[in-house]
Structure formats: C-alpha cells, structure tokens
Protein chains: 2
Amino acid sequence: MNVKNYMASLGSEARNASRAMAKASTEQKNSALTACVEQLVLAKEQILAANAIDLERGKSNGLDAALLDRLALTDERFDAMLEGLSQVAALADPIAEISDMKYMPSGIQVGKMRVPLGVIGIIYESRPNVTVEAASLCLKSGNATILRGGSEAINANQAIAACIATALESVGLPSAAVQVVETTDREAVGELITMPEYVDVIVPRGGKGLIERISRDASVPVIKHLDGICHVYIDDKADLDKAEAIALNAKTHRYGTCNTMETLLVAKNAAADILPRLAACYAEKGVELRGCAETVAILPQAVAATEEDWMTEYLAPVLSIKVVEGMDEAIVHINQYSSQHTDAIVTEDYTRARRFLREVDSSSVMINASTRFADGFEYGLGAEIGISTDKIHARGPVGLEGLTSQKYVVFGDGHVRR
Amino acid sequence: MNVKNYMASLGSEARNASRAMAKASTEQKNSALTACVEQLVLAKEQILAANAIDLERGKSNGLDAALLDRLALTDERFDAMLEGLSQVAALADPIAEISDMKYMPSGIQVGKMRVPLGVIGIIYESRPNVTVEAASLCLKSGNATILRGGSEAINANQAIAACIATALESVGLPSAAVQVVETTDREAVGELITMPEYVDVIVPRGGKGLIERISRDASVPVIKHLDGICHVYIDDKADLDKAEAIALNAKTHRYGTCNTMETLLVAKNAAADILPRLAACYAEKGVELRGCAETVAILPQAVAATEEDWMTEYLAPVLSIKVVEGMDEAIVHINQYSSQHTDAIVTEDYTRARRFLREVDSSSVMINASTRFADGFEYGLGAEIGISTDKIHARGPVGLEGLTSQKYVVFGDGHVRR
C-alpha cells in the first residue's frame, strides 16, 4: 500500500472512531485512561527495550546529545507518563456540557453544547512520552487522534501505541480512536495535513522549522505557536523589588521554554535604579546582556544590541534590554516585536496596568507576574497540548477545552418561525 | 499601482487602524455607528443615484432578474440599513470583557479578556446593503475591515464607503478601519485571501462556488458554510400536530435560505399516519416530493428519489423524503448527508431527544422546533455576519462574539514561578 492510501485508510478509520468517541460516556473514557496505565505498567520492559533500540539507532545515526536526551525514556519519565494519565482521568469531562440556555422571545430555548472537534492530528519529534500525553488529552476530549511521532522514536511509539489500543478495546472503545502512524516516510506528514475530509485540526509540536513548514502546507487548521519572544516592561511606577524578582525569574527560571523573557524593557526613569541591581543578579547566573545605547551607558558590561536582537528567541542565557521613554513606547515595541505569546508589565500604577492589559495584543498579558506562568497547569487547565499564538479558535495555553467546539442546541415545543 | 501593491497598502493601513479600533471606547464606536446613520441620510440621493448607475450597467451587461433584484437599493432596504446600524449600536460591546477570573494555587489570578480578531476581510456579491451590515458588525467588535463587494455594485458601495469614512473621522477613529476595495479586478480577491500578515480572517458571503474557491485558495482562516442541507426527523413518538407544523414551516417558510429543510426523515411506524397529512399541505404550497421506495408506496404522487437527492440543497419547492427504521438510522443518514448546518428531531421521547442532541454533529441541533430558527437574530445574537458549519472558532450563527477572540490575563503581586 502506498503512503497516500495508507494515510487515507488511517484517516477514514479515525473518522469512524471519532463518532464513537463523541458519544463515549465520561466513565468509559476515564476507564480507558486507567486501563492505559495498567497496560503501560505491564509492558514497561518491552517499551524500555524498544526505546533502547531507538537510542542505539539514534547514536549510530549521529543524533546530537540534546535530541538523544529528549528521546530517552527514563524511569522518572515513565512514571510521569503514568501520573499524567491519572491526572487527565481526574479532569472534568468537557464534552456535552450545555451552557447559556436561554428562552428567546419566540419561545424557543437556545444554548450551546460543547462537542469534540473530531479527528486531531498531532505531529511531534523525538519525545515518546508525548504519544501518551497527546493521546490522553484527545481521548478525554472525545476526539480520535492520529499521532505522527519522529522516526527516531518509532519503536517506543509503536510499543506505547499497542498498550493504548489494548486499553481502548478493553473498555469497548474503538482502537482506531488513537492511531500511531507506522511509516517513517516523510510523505505521511504531507498527507496528514491535507486530508480535511478526515482530519479536523493539526497540532504540531516541535521546532520552529517543523511548525512553519506544516503551517505553510496544511489545508487543515493548525493550532500552533512559532516563537516565544516574551517581554517584561518595568515601569517607572514599579515596585523595584517585585521588578527584580520577576525579571530574574522570567529570564533564568528556565532558558529553553517558550514563555521565557527574551527582551527586557525599562522605563527611562527607572533604568538607573533597577538595571545595575538586575545586572548583578544576571551576572551571577551567567546571563549575557545585549542593550540599546542607553542600557550600555548604564551597564558597560552589556554589548550593543542590534535590530536582530529584538526579533530573536534566544532560548539561552542571553537577554536583550531596551530603555524606553515610558509605557507608550513599551507597548509600541511589544506590538511590533513580540511573538504575541506572553508579555508582562511591572507597575503599581492602576491606570497604566489597565491600559497595558487592554492594548498589548498577546495571548497572555500579565501584571506583576513572571511570564513563566503562561502554562496550562499554572492556568488551572490541568494539562496542556500546546500554546497557541493564533487568534482563531484557541489562544494561549490549550487544554481540553481547546480541543473542543460548541454547537447550538434548541429546545422547542412544536415552535415554527413566523 | 498594481493590484498586489494596492491590496498590500489597504492591508497595511487596515492593520494600523485595527490597533486604534482595539482600544476605541464603547462610546466612540457607538457614536461612529450613529454618525453613519446621519451620513447615509445626508447622502441618500447620491447613493441611490450610484445604485441606479449600477443597475443600468447590470441590465446592459445582461445580469439576470434575481441578481438585479439583490442589487437594487429600494427605500425599504435603505431604511433597513439605517435600522440595522441603530440595532448594532444598541448591542452590548463584547470587547475587553473579562471572564472566569480565578485565583490559582500559586497566588496569581487568571482570567480571559475578549479581544478583536484584528482585520476581517469580507467578500460578497451584489447586495450593497451588506457593505453597511458587515462594516457595522466589524466596527462594533473592534475590528478593522476590508470589504470587497461585487463589481456590479461598485458605485453604490463606493458612495456608502464615503459615508462610513466621514462618520469614522467625525468621532476620531481612523477612516481606514473600514475600507472598500476600489478596483473590480478579480486579482484583488486572490490577494485579500493570501495576506495573513494583514488579514486575520475572511468571511465570504455568496454562492457556493465563490465560497469553495475562496476556501481552497485562502491562506487566511475562513469563516464559512457551503451548504445548508438540513433535515427534520419525525420520530414514531412524535406529536403529529407538532410534526406537521414543523415539517411544513421548515420547508415552506422560505425556500431559498440555508436553514430550510431539504430532506424529511420519517420513522417507519409514523409514516403511514403523517406522510399523507404532510403531502396534502405540501401539495397546497406546490412542493414537489421525491421519496424513497417506502415513501412512494405511501404517496404515489411522489417521484422516486435518487442518491443525488440526499446530497442536494434544492433552495426550491422540492423536498426529498426517506422512511427510516427509527432514530438510529436517522442519525446515521444525517451524519452522512447533512451539511452540518441544522438538523431537528420531532419527538416526545425524552431519551431519544437527549441522544439526538448529543449524537448529531451539526452546528445547530433542535428538538421540536423548525430549522428556520437557525439565525443570529432568533438566537439572540442581535445580528449575524454569517453561519459557520466549521468546527474551528465560530460555529452556527456568527454574531459579534464570532468576530472576537480571547486572551489570557494574569494579575500578580510580584509573583514568580517556583
């Protein structure tokens, strides 16, 4: 069977399975998640052995250390995978919730019912634990899913997929509700993202290159974010202790995450006070500073920033710093250079806080809090399949609700339109 | 200037204007709508004269009668346009509404703020009143908009656009917040739907051919519905008086609308009782009946339906009828042939009603009510820019809220992530 036919057959089975998933009871879905835990525990040895084969092959194919690390299923990661399944089972079921039911002047009652999207395609790299994570969120939200992991993780992914299939069948749900693409042929991705008749939305997880390629070529909607160029603006009405704590945490809590601050904006009137304090903290952590002319005048240890710096997601201990006149210039800079992921202001001024909140056009806008909070768990979503910087459909951290839609429901008693 | 550059310049101006619109106050937006009414009243003669030129040209170009009718701005339609503006001004402003604000275990407060989508491109045919209707909804929802009307309506649209621009400027809003494309070159549409840097969403209004073409070629998200193949299923537990009223209203209230019933499904045990009653009503209205074998056995006046009939949106006094075993077969038929617009059940059975509501995968699902109720006004949205049968973003009738998104807002007091 060629790749096109193979993917169409996966798609068609997923579409059928999605109908069963849409009407599956909460108990059935939770039982499936619990059964998954059991199956994974039973198959732990085989899964780790499959992962060992992937790692061995990765090494001989010359994968770099970071990729090999992400590929490795340690005991700790395996347990986290099981824990994640239990957490998703414990979340409230979003499906079929009816809201806003109101009587209209005509006498009909109108409301909305939450429904699954249908079939979700997930495209990801290396980390085999994503297979379980993504499958569990799609399952709980009543969707069928087609998972396309990286070719480097194919053996572990297949072993995990077998467990999920067994778990689904054990509770009477179709095993096609979670399918892992078995071919490593890259054409499979091209097919997956251009089958709107079978796939309702694509969630790509991985590097910017992968996501850009998918967004460009997909004929199916994509839930995605490309960059995390996040800003913290320290206002001249900021409490400088809070400013120091937030700017330090936003940059140094973790360097490689998308909600890490990449550019610090400081009001002119606060710069001389706060920048030296911050520079001392950053020096301790080994963060390289790149600043505008005014920054460099205050902090001689900073190198001169170029235009390129304002557009760069370093994902590393590097920070660009710009001194601005005040909040207006900060907002202009943010709306120009931000990737619309997460931006924060530090201020005690009520009116500025209120304006910043409204005028910054990003998926998360924060007052006096670290950008690192932009996260599905921290926002109380219980889990996260990704973060969306798009405005259509889901925006910000995407949990179960982002994998659903709503339909209108109408109750009448023989009502007709006049 | 070539079309590509012209459209890019419209796009860039719209993007800038969208920032001003996003922070415009409710009062400013309402004043703009009121000023629009005043400007249109002042310019009524010029607008009707421009429309007369369009009509004249349309006639000499051989436009058909239906198109000429849609193109004509009568006094009544002009007044309806003014009335629509006042209604939109009276609607609540959806923008910047904050909801679901909750304290998290970390101490931060997290909620959602409703925000405009940004720039909305509207592509429509003939009816010049759509210019005002679409502009007013985009304006009230804090968006900038680029309107591309049909070339046959260009003179009236330009005259209306001038009024809107004057109105916007009179309240201190940028006139680029509502721009009407001035060229009738078809390349302009191709550009409009492939400028994601300037346009956030496209709403096509018009025939299926137009919408299909746009959906296929757009690189910007499209809010749309293609077909309205709506079903009414009469259950054997139906109250036959309600069934008769609903099936008659859903088919004959208006033939050319997307929420008109095209296929009637009847439970086997109810067919002999209800079909002859309905056939008498339909005969009175001159509705042609096309039925399955069982239908034809009961109603000899019906012609035999073909497979094609189940997939056809007649938009005419034609109805296809199928006798089914019961609700299960009805749901299977609907999920296969429905355009996922609006489908209804008539039944007094609680359990079946509950199942139908959950298992039918359409943007509106109704119990004991006519499909004709699927409409923004009837649903209490106050207005409607279109009906979406997609699952991503807006679904069902799309009012102001469908032209918005939500961002997360986070309040802290110096909070950092542990």
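The values are calculated or read from the model by the stated rules, or taken from the named source; none is laboratory data. Worth saying up front: this structure is predicted, and the values here are computed from it rather than measured. For neighbour counting, all protein chains shown are included, and Cβ atoms are generated from backbone atoms with ideal geometry for every residue, glycine included. Quick note on the areas: whole protein, heavy atoms, side chains included, nothing else; ligands and nucleic acids left out. Shrake-Rupley method; radii C 1.70, N 1.55, O 1.52, S 1.80 Å.
Structure above, values below:
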quantity	calculated
Within a Gaussian network of chain A (alpha carbon springs, distance under 10 Å), most fluctuating of A:ALA177, A:ALA304, A:ALA159	A:ALA304
Nearest-0.05 FRET efficiency for A:LEU42 and A:GLU212, computed from C-beta distance (R0 56 Å)	0.90
Extension reserve of the B:THR351-B:ARG254 stretch, reckoned as 0.36 nm per residue once the Cα distance is removed	31.8 nm
For A:237-249, mean number of other protein chain Cβ atoms within 10 Å	2
Rg/Rh for chain B, where both radii come from Cα atoms and Rh is the Kirkwood radius	1.03
Copy-to-copy label separations for B:THR306, where each label sits 7 Å from Cα toward Cβ, in nm and ascending	6.7
For the range B:228-235, Karplus couplings with θ = phi - 60° (6.51, -1.76, 1.60), whole Hz, Gly/Pro x	x, 9, 9, 10, 10, 10, 9, 7
21 Å Cα-Cα threshold exceeded, pairs from B:LYS224/B:LYS391; B:LYS237/B:LYS268; A:LYS391/B:LYS224; A:LYS4/B:LYS224	A:LYS4/B:LYS224
Per-copy distances of the B:ARG77 label point, shortest first, in nm (7 angstrom along Cα→Cβ)	6.4
Where a label projected 7 Å from the Cα of B:GLN336 along Cα→Cβ would reach, residues of the range A:18-53 with amide N under 15 Å	none
5 angstrom amide H check on A:ALA96, placed H, neighbours 5+ away	A:ARG114, A:VAL115
Summed buried accessible area for B+A [probe radius 1.4 Å, Å², rounded to 100]	5700
The range A:292-418, Rg to Rh (Cα coordinates; Rh as Kirkwood inverse mean 1/r)	1.15
Residue-averaged [θ]222 nm for chain B, counting only DSSP H segments that reach four residues, each worth -39500 (n - 2.57)	-14000 deg cm²/dmol
Cα-based reach from B:LYS29 at 17 Å (exclusive), listing lysines while leaving out same-chain residues under 8 positions away	B:LYS140
Carbon plus sulfur fraction of accessible area for the protein assembly as shown, probe 1.4 Å, in percent	49
Angstrom value of the Kirkwood radius, inverse mean 1/r, which spans all Cα pairs in the protein assembly as shown	28.9
Beta bridges by DSSP in the protein assembly as shown, antiparallel share as percent, to the nearest 5	25
Antiparallel bridges, percent of DSSP beta bridges restricted to chain A (to nearest 5)	30
Rounded to whole Hz, the Karplus (6.51, -1.76, 1.60) HN-Hα couplings of the range A:244-255, x for glycine and proline	5, 4, 5, 5, 6, 5, 4, 8, 9, 4, 8, 8
Bridge type composition, the range A:46-193 - antiparallel percent by DSSP, nearest 5	35
Per residue solvent-accessible surface (Å²) - the range B:306-399, probe of 1.4 Å	32
Peptide-level mean, for B:356-366, of C-beta atoms on other protein chains within 10 Å	5
Taking only Cα atoms of the range A:230-373, radius of gyration then Dmax in Å	13.2, 36
Peptide-level mean, for B:218-226, of C-beta atoms on other protein chains within 10 Å	2
J(HN,Hα) series, the range B:325-338, from Karplus relation 6.51 cos²θ - 1.76 cosθ + 1.60, nearest Hz, glycine and proline x	4, x, 5, 4, 5, 4, 5, 4, 4, 5, 5, 8, 9, 5
All lysines inside 23 Å of B:LYS285 as judged from Cα atoms, apart from same-chain residues fewer than 8 positions distant	B:LYS242, B:LYS251, B:LYS322
Angle in degrees between helix B:154-170 and the longest Cα principal axis of chain B, rounded to the nearest 10	50
Convex hull per residue volume in Å³, alpha carbons only, for the range A:1-113	208
Closest approach to the B/A rotation axis among chain B Cβ atoms, residue and whole-Å value	B:HIS393, 2
Listed peptides B:315-326, B:122-133, B:52-63, A:262-273 by packing density, highest first (mean Cβ within 10 Å)	B:122-133, A:262-273, B:315-326, B:52-63
Alpha-carbon centroids, the range B:246-296 and the range A:299-376: separation in whole Å	61
Teacher prompt: B:MET1 distances to equivalent labels in other copies, 7 Å Cα→Cβ, nm	5.4
